[in-house]
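Worksheet: the structure to be examined is printed underneath.
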Amino acid sequence: MQIVNDNGCSWINDLDSRSNIKVLKKNDECEWLIIGAGYTGLSAARKLAKLHPSQRIILIDAQLAGEGASSRNSGFLVDSTLNDGFTSNKDLENYKKKTNIYELGIKVIKKFINEHQVDCDWNDSGKFFASSKIEDEKILKKFSKILSELKFKHDILYNKELTKKLGTSFYNVGLYTRGGVLLHPAKLARAMINALPNNVELFENSFLLNWFKIKDHLICNFNFAQIKTKKIIFATNGFLKSLGIKKNYNFPITLTASMTRPLTNEEFKFIGEPNEWGVLPVRPMGATVRMTKNRRILIRNTAEIHNPFKMTKQNLEKRLISHKAGIIKRFPNLPHNIVQSTWSGIVSRSRNSSQIFEKIDNNIFAAGCYNGSGIGVGTLFGEQIALKASNESTNEIQIIENKNKLSLLPPQPFLNLGIKARLVYERFRSKSDI
Ligand SMILES: Cc1cc2nc3c(=O)[nH]c(=O)nc-3n(C[C@H](O)[C@H](O)[C@H](O)COP(=O)(O)OP(=O)(O)OC[C@H]3O[C@@H](n4cnc5c(N)ncnc54)[C@H](O)[C@@H]3O)c2cc1C
């Protein structure tokens, strides 16, 4: 078994390739084993290394570290969300619990980039939720009420102002929140790899096939060798279910995105030279779109149940048609052949958009299921699960554990049928904004 990723992600291709990749080839033993080296696993490893400087910590990934969803996302470090999961944000108290976690997520990333002097194209530009349908003003006004009660600075904007700010007249109504941050996700993930302390040993391209408990130890079988560990942290997000972790509470969803080449001076001038921006959809299946720091347009407009281990080139090419159509709709006067790369990535979802942060069993811990908002939350949960596993208590753990309990999923085949039907329905409702 293997995770086969495309190598077409512009974010990853912006970086130099790494050397010194170590594959697990002989049996090993450690005090701490972390499975998955995305934001969550890297942050757990960083924290554990500080807490236990003389203990052996192994961090291991099935592909290159950080090159799963952590380098393939859209780079919105969110302060608030409108459509996380399949429920609407009905209840103010629940919504507050969520935004408390987002706030901690932003803080922890800020602290990391300050401490390690990280350049990840950080931009405090805020973010927009926008729609081409003026009817969606109703949804945004409701959302605005919630935000006002929680004292989030925001504004409702209409076509004229949006056109000026975004360089496209596609959107008719939008809500701008000042607290969101835009960043380069792969630069952030790479910085976390570079910041790994010396007492963390990183193995890559090493796939965990299965694991089991013998007395007070855990045995983990990888494709070429075995690790015996005292404690384990599962940080595999979209692959938690395939490893049997909280499998009745989370499921993987495959997303795809494309990015254009940088716009030329002439093209950029033509659309009004907007500042860097990011737009999230008002309806769940609408497109996420960004104008990046170096004038590239990113679009993500598919979300589906698909084999999380592999998306073929042909499959990606089909998704590219939808990405291109989304860009042309928004920028009809730009050349139609400017997409430079297309890629897929896996996220984990739950029924009620709550996350996983827990001790699964003695010496077994898991963090994940961020419902598409894992940059800040993943980094936070990674650090805090390391503290929890070390029997430390923190205010952050209290805030995280105050989140809503995860809802149980229906059994198969009803689960997949239900999700597919929901995705088709939401895609139909968002048709104009894909
Ligand atoms: C297209 C896209 C857009 C997104 N946009 C945003 C956004 O704008 N803002 C935001 O906050 N979030 C966004 N997300 C979600 C965000 O990327 C994730 O929530 C975040 O990366 C989760 O980090 P993680 O470390 O938990 O998981 P991952 O980065 O997925 O890392 C998990 C790692 O586990 C490894 N693994 C899995 N199975 C095994 C195994 N059996 N053995 C060994 N290793 C294994 C994988 O190889 C992977 O590297 C987006 C995701 C995608 C795909």
For this session: Quick one: count up the residues across the stretch 16-45 that are closer than 17 Å to ALA191 by Cα and either free of Cβ contacts under 8 Å to residues at least 24 places away in the same chain or more than 19 Å from the chain's Cα centre (by Cα) (or both).
Result: 6
For this session: Could you list, in sequence order, all residues of the stretch 293-321 that are within 27 Å of PHE128 (Cα to Cα) and touching a strand residue (DSSP E or B) at 6+ places or on another chain (Cβ under 6 Å)?
Result: ARG296, ILE297, LEU298, ILE299, ARG300, THR302, ALA303, GLU304, ARG319, LEU320
Problem set entry | Meets criteria (part of a helix (DSSP H, G or I), of a type in the set (Gly, Ala, Ser) and away from the ligand (no atom under 16 Å from the Cβ)) for SER169 | no
Seminar exercise, completed: When restricted to ASP155, ASP124, the only residue surrounded by fewer than 20 Cβ atoms within 10 Å (Cβ to Cβ), in contact (Cβ under 8 Å) with a residue 12 or more places away in the chain and farther than 22 Å from VAL282 by Cβ is ASP124
Exercise. Which of the residues that make up the stretch 307-352 are away from the ligand (no atom under 16 Å from the Cβ), crowded, with 20+ Cβ neighbours inside 10 Å and not in a loop (DSSP other than H, G, I, E, B)?
Worked result: ARG330
Problem set entry | Subset tally (residues that are out of contact with any Ser or Thr (no Cβ under 7 Å at 6 or more places or on another chain), modelled with pLDDT of 95 or more and either of a type in the set (Gly, Ala, Ser) or over 26 Å from ALA37 (Cβ atoms) (or both)) for the stretch 63-102 | 8
Exercise. When the stretch 255-266 is examined, which residues are found to be buried (at least 22 other Cβ atoms within 10 Å of the Cβ) and of a type outside the set (A, V, I, L, M, F, W, C)?
Worked result: THR256, SER258, THR260
Exercise. Does ASP119 satisfy the condition of being within 23 Å of ARG290 (Cα to Cα), more than 16 Å from the ligand (Cβ to nearest atom) and in contact (Cβ under 8 Å) with a residue 24 or more places away in the chain?
Worked result: yes
Exercise. Only one residue in PHE268, PHE251 is over 21 Å from CYS30 (Cβ atoms), away from the ligand (no atom under 11 Å from the Cβ) and in a strand (DSSP E or B). Which one?
Worked result: PHE251
For this session: Working carefully through the options LEU51, LEU24, LEU42, LEU33, find the one that is crowded, with 24+ Cβ neighbours inside 10 Å and more than 20 Å from GLY345 (Cβ to Cβ).
Result: LEU33
For this session: Please work out which residue is nearest to the ligand (Cβ to nearest atom), limiting yourself to the stretch 44-61 and to residues that are under 12 Å from ALA235 (Cβ atoms) and of a type in the set (A, V, I, L, M).
Result: ILE60
Exercise. Restricting to the stretch 384-434, what's the tally of residues that are surrounded by 16 or more Cβ atoms within 10 Å (Cβ to Cβ) and either more than 30 Å from LYS231 (Cα to Cα) or among the acidic types (Asp, Glu) (or both)?
Worked result: 8
Exercise. Residues in the stretch 146-164 that are closer than 29 Å to VAL108 by Cα and part of a helix (DSSP H, G or I): how many?
Worked result: 4
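The values are calculated or read from the model by the stated rules, or taken from the named source; none is laboratory data. All of these numbers come straight from a predicted model, not from anything done at the bench. Using ideal geometry, Cβ is built from the backbone for each residue, glycine included, and neighbour counts are taken over all protein chains shown.
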